[in-house]
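Here the structure comes first, spelled out in structure tokens, and everything after it is commentary.
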Amino acid sequence: MIQNKDSGLIRCFIALELPRGAIDYLEEVQKLVKKKNLFFGKFTEPENLHLTLKFLGEISEEKVLEITKKLEDVKINGFEASLSELGFFSEHSFKILWAKLNGKDIWDLQSKIDESLKDLFEKEERFMSHITLARIKKVVDKNIFLDYVKNMKIQPMKFKVNEFVLKKSELKPDGPVYSDIKRYNLL
């Protein structure tokens with residue numbers, strides 16, 4: 001594991017990765033939104049599209065090793081998830097454009113991860129099953145943008161979830177670079 005050179009800490013999160021078909025589809029959605037020129041901001045790179053189950057922040061290598069062991073206790077069957085609508089966390093302050101990921105078992109998995117790490121981290125109070133498509137700096141016209149997003153239909157693409165991943169995030173000038181620390185298979 002390579003640590004952040006400045007702090008000696010490793011920036012980590014736990015994620016569900018998306019299958020290639022879902023990534024390709026969301027990339028097409030991003031292109032459609034981008035063509036409209038409704039906001040200024042940054043679209044998430046296709047290789048970085050994922051669902052964050054729990055953000056861990058910058059932690060020591062020792063703590064990472066402890067987390068890798070604790071996550072082995074998370075037991076849940078593989079399940080089906082599906083993409084649904086686009087949205088924002090707030091219709092008054094557009095900061096993130098996201099696609100919702102549906103599936104009751106996503107919440108169960110997130111809860112089991114929280115439970116396994118309860119001695120190390122606080123429980124996730126505001127988990128929302130979303131995939132960040134873009135970070136918004138400025139909206140050209142809020143009403144037009146809101147109407148466009150509300151009326152954009154997303155294919156309810158379904159896929160099987162068979163694993164979750166503990167990932168490292170290195171912040172670079174061109175954007176974050178993610179790498180796997182450890183993969184965990186579901187039952």
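The numbers here are math on the coordinates, done by the rules we state, and not lab data. Predicted, not measured: the structure shown is a model, and the values here were computed from it. Cβ atoms come from the backbone with ideal geometry, glycine included; neighbour counts cover every protein chain shown.
Restricting attention to region 167-185, does a residue exist that is touching a strand residue (DSSP E or B) at 6+ places or on another chain (Cβ under 6 Å), outside any loop (DSSP other than H, G, I, E, B), of a type in the set (Asp, Glu) and farther than 30 Å from ASN37 by Cα? Among the residues of region 167-185, at least one is touching a strand residue (DSSP E or B) at 6+ places or on another chain (Cβ under 6 Å), outside any loop (DSSP other than H, G, I, E, B), of a type in the set (Asp, Glu) and farther than 30 Å from ASN37 by Cα, which makes the answer yes. Filtered by the rule that a residue be assigned to a strand (DSSP E or B) and either surrounded by 14 or more Cβ atoms within 10 Å (Cβ to Cβ) or among the aromatic types (Phe, Trp, Tyr) (or both), region 70-87 gives PHE79, ALA81, SER82, LEU83, SER84, GLU85, LEU86, GLY87. Taken over region 43-69, the criterion of being of a type in the set (S, T, N, Q), in a helix (DSSP H, G or I) and under 14 Å from the mean Cα position of the chain (by Cα) is satisfied by ASN48 alone.
Of the residues making up region 110-127, those that are without any contact (Cβ under 8 Å) to a residue 60 or more places away in the chain and in contact with a strand residue (DSSP E or B) (Cβ under 8 Å, 6 or more places away or on another chain) number 1. Is it the case, given these coordinates, that ASN162 is without any contact (Cβ under 8 Å) to a residue 40 or more places away in the chain and either surrounded by fewer than 18 Cβ atoms within 10 Å (Cβ to Cβ) or closer than 25 Å to TYR25 by Cα (or both)? So ASN162 does not fit the description; no.
Restricting region 88-120 to residues that are assigned to a helix (DSSP H, G or I) and among the polar types (S, T, N, Q), the residue that is surrounded by the fewest Cβ atoms within 10 Å (Cβ to Cβ) is SER111.
When residues in region 128-163 are screened for being part of a strand (DSSP E or B), of a type in the set (D, E, K, R) and within 15 Å of SER93 (Cβ to Cβ), 3 of them pass.
Scanning region 165-187 for residues that are exposed (fewer than 11 other Cβ atoms within 10 Å of the Cβ) and over 17 Å from the mean Cα position of the chain (by Cα) turns up LYS172, PRO173, ASP174, ASN185, LEU187. Condition first: acidic (Asp, Glu), closer than 28 Å to ALA15 by Cβ and surrounded by fewer than 12 Cβ atoms within 10 Å (Cβ to Cβ). Now tell me which residues in region 124-159 satisfy that. Within region 124-159, just GLU125 meets the criteria.
Conditions tested, residue by residue: (1) exposed (fewer than 14 other Cβ atoms within 10 Å of the Cβ); (2) within 20 Å of LYS160 (Cβ to Cβ); (3) touching a Phe, Trp or Tyr at 6+ places or on another chain (Cβ under 6 Å).
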site: LEU38; (1), (2), (3): no, no, yes
site: PHE43; (1), (2), (3): no, no, no
site: GLU47; (1), (2), (3): yes, no, no
site: LEU65; (1), (2), (3): yes, no, no
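Number of residues in region 135-159 that are in contact (Cβ under 8 Å) with a residue 24 or more places away in the chain and among the acidic types (Asp, Glu): the value is 1.
Here ALA15, ALA22 are screened, and the one residue that is of a type in the set (A, V, I, L, M, F, W, C), more than 24 Å from ASP114 (Cα to Cα), out of contact with any helix residue (DSSP H, G or I) (no Cβ under 9 Å at 6 or more places or on another chain) and surrounded by 14 or more Cβ atoms within 10 Å (Cβ to Cβ) is ALA22.
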